[in-house]
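A short write-up of the structure that comes next.
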Amino acid sequence: MATGFANPDALVSTAWLADRLGEAGIVVIDITKYLPGEPKDGRAEFLACRIPGARYLDIDEVADKGTDLPHMLPSPAAFAAAMEDLGISNAHRVVFYDQKGMASAARGWWMMRVFGHDAASVLDGGLPKWRAEARPVEAGEPPAPAPAVFAPAFRPWLVADRRAVLGAVGTGAARIVDARPKARFDGTAPEPRPGLRGGHMPGAANLPHLALLHADATFRSCDELATLLAAAGVDGTRPVIASCGSGVTACAIAFAAHLVGLPDIAVYDGSWAEWGGRADTPVETRTDA
């Protein structure tokens, strides 16, 4: 497990996981989601190469089907059914990883916490670190998991919607922190999803999720994360809403705050996919006065 953090159980090392592969109380989940335009499919890559015993969670499938927005949270009942299909019960420790290193794994951790399950962790460095260390992998269709029962307990304070963000923009009562790359935040680079305006919410701070990581996609030290978060206004003095392109890398900001012991951060589930796709939401760019 990670050391030096206020909540070290949330981040596990490849060595920790390698020592516990196959234990009945641990479920390993690949939660990779590639961006639009990236020439890979998460499930296909999972079937080609994964950590032994891992299962795959597709956030576009375990999602609210009543909206055109990407991978919005499902209902508690739908989430519980998805967990049961994966063989996850309330007694399991769930370890999330992704194929890119650390892009979507924190989304899994956040989803579990939203629905009341705190025994969730992120694999530090993800599959790239696992493979770089020549640890075992497997391929092919995984066997069906054993039956399980999962009882959700929804925590609404961990989720922000558009109205909450509008309120934060209007009053400054909550700090908005955007995890997208700086050029997209500034509005000088296009969004990967077509039809979205460029820029950011007025008053938002930019903390690209990759700034939280070393080059090998492992998280920076507790002191480094605390410094980066504080510079973005995440210091425990007021509520924070994390945003990004579609509610995935924003979870890395919430996760980093949890690691260092800061209060819970809400994630704007719709994020820029919703905000930038509307004509009635205020937007600033780098060139704005």
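Against the conditions (1) part of a helix (DSSP H, G or I); (2) farther than 27 Å from residue 132 by Cβ, residue 72 satisfies every one except (1). Mind checking whether some residue in the range 53-60 is of a type in the set (D, E, K, R), within 16 Å of the chain's Cα centre (by Cα) and over 24 Å from residue 211 (Cα atoms)? Yes, the range 53-60 has at least one match.
A count restricted to the range 227-260 and to residues that are over 19 Å from residue 171 (Cα atoms) and surrounded by 21 or more Cβ atoms within 10 Å (Cβ to Cβ) stands at 18. Against the numbered list (1) assigned to a helix (DSSP H, G or I); (2) surrounded by fewer than 20 Cβ atoms within 10 Å (Cβ to Cβ); (3) in contact (Cβ under 8 Å) with a residue 60 or more places away in the chain, residue 168 comes up short only at (2).
Screening residue 47 on (1) closer than 18 Å to residue 158 by Cα; (2) assigned to a helix (DSSP H, G or I) shows it passes everything except condition (1). Kindly indicate whether any position in the range 266-284 is without any contact (Cβ under 8 Å) to a residue 40 or more places away in the chain, within 21 Å of residue 10 (Cβ to Cβ) and part of a helix (DSSP H, G or I). Scanning the range 266-284, I find no residue that is without any contact (Cβ under 8 Å) to a residue 40 or more places away in the chain, within 21 Å of residue 10 (Cβ to Cβ) and part of a helix (DSSP H, G or I), so the answer is no. In this structure, is residue 235 part of a helix (DSSP H, G or I), under 14 Å from residue 262 (Cβ atoms) and of a type outside the set (Phe, Trp, Tyr)? So residue 235 does not fit the description; no. Scanning the range 184-220 for residues that are assigned to a strand (DSSP E or B) and in contact (Cβ under 8 Å) with a residue 60 or more places away in the chain gives 200, 213, 219.
Among the residues of the range 216-258, which ones are under 24 Å from residue 63 (Cβ atoms) and not aliphatic (A, V, I, L, M)? Once the filter is applied, which keeps residues that are under 24 Å from residue 63 (Cβ atoms) and not aliphatic (A, V, I, L, M), the range 216-258 yields 243, 244, 245, 246, 247, 249, 251, 255, 258.
Do we have any residue at all in the range 264-286 that's surrounded by fewer than 19 Cβ atoms within 10 Å (Cβ to Cβ), within 21 Å of residue 126 (Cα to Cα) and hydroxyl-bearing (Ser, Thr, Tyr)? Scanning the range 264-286, I find no residue that is surrounded by fewer than 19 Cβ atoms within 10 Å (Cβ to Cβ), within 21 Å of residue 126 (Cα to Cα) and hydroxyl-bearing (Ser, Thr, Tyr), so the answer is no.
Considering (1) touching a helix residue (DSSP H, G or I) at 6+ places or on another chain (Cβ under 7 Å); (2) farther than 24 Å from residue 266 by Cβ, the lone condition that residue 179 does not fulfil carries the number (2).
Read-outs: derived from the displayed coordinates by stated rules, not from any lab. Predicted model, so just to flag it, every value in this text is computed and none were measured. Because the Cβ atoms are built from the backbone with ideal geometry, glycine has one as well, and the counts that use them run over all protein chains shown.
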